[in-house]
Amino acid sequence: MAATEVPSRRRMPRAWAAALTGASALAVTACSSPPWAVPLPPPSDAAAAVDCSAEWDLGWGAIPADFEPVAVYVCDPVLELAPAPTPDPPLMLADPEQLAETPPPAAEPAPDPAPLEARRLEGDLSALLAAFAEPSDPKWPGPCSAIGVVVPDVWLVDDEGWAIRPAYPADGCGLPKPGVGEALAEFTPVD
């Protein structure tokens, strides 16, 4: 019997193998690399006094380097809510005779809520300032929960009476990090 010759396998050139290995390694590590750092927001604008009626999207920012707070004030919309209105009566199907009746007069509109009052808090300012100084996380590339969070409107006041609203550090989904809330929990209301 004649020996059959086995064809030799073709091999990938070494340069191509090295390039393919390098590209694979880059693709794997790129997915696990830490994302770029998120820049700090611009410094908060100082106001002449604490203003609980200020718009939510105005004035938030980083604590300026030359600002030295001596007091903390909080405008907390959750704690200041008016009592809940009475619930509407259950819906019922209308009879044809009821449709011919004159409808009852409309209810009086609810009065405008009283403006929020700032509450002064006392506690460890260093822990609160450290929590506000924490950088925000980079935007998370994946899905985020569709939830909303109500946080107190925090104002820091210096010894001359100037007030700023520091921005809450956020996680990758834009939700406030827990550090500020944990630091505020250690404060006690003065007013």
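The values are calculated or read from the model by the stated rules, or taken from the named source; none is laboratory data. As the structure is a computational prediction, the values presented were derived from the model and not from experiment. Quick reminder, even Gly has a Cβ in these numbers, built from the backbone with ideal geometry, and neighbours come from all protein chains shown. What goes into the accessible areas is simple: the full protein's heavy atoms, side chains included, and nothing from ligands, DNA or RNA. Shrake-Rupley method; radii C 1.70, N 1.55, O 1.52, S 1.80 Å.
Residues that are within 30 Å of ALA49 (Cα to Cα), surrounded by 10 or more Cβ atoms within 10 Å (Cβ to Cβ) and hydrophobic (A, V, I, L, M, F, W, C) occur in the stretch 105-120; there is at least one.
The lone criterion from (1) of a type in the set (S, T, N, Q); (2) modelled with pLDDT under 75; (3) not in a helix (DSSP H, G or I) left unmet by THR102 is number (2).
Counting residues in the stretch 142-152 that are in contact with a Ser or Thr (Cβ under 9 Å, 6 or more places away or on another chain), more than 19 Å from ALA46 (Cα to Cα) and in contact (Cβ under 8 Å) with a residue 24 or more places away in the chain gives zero.
Considering the conditions (1) modelled with pLDDT of 75 or more; (2) in a loop (DSSP other than H, G, I, E, B); (3) more than 31 Å from the chain's Cα centre (by Cα), PHE67 is excluded by exactly one of them, (3). Residues of the stretch 141-191 that are more than 23 Å from PRO69 (Cβ to Cβ), of a type in the set (Gly, Ala, Ser) and open to solvent by less than 80 Å² (accessible area, probe 1.4 Å): GLY142, GLY148, GLY172, GLY174. Does GLU108 meet the test of being in contact (Cβ under 8 Å) with a residue 24 or more places away in the chain, in a loop (DSSP other than H, G, I, E, B) and acidic (Asp, Glu)? It is false that GLU108 is in contact (Cβ under 8 Å) with a residue 24 or more places away in the chain, in a loop (DSSP other than H, G, I, E, B) and acidic (Asp, Glu).
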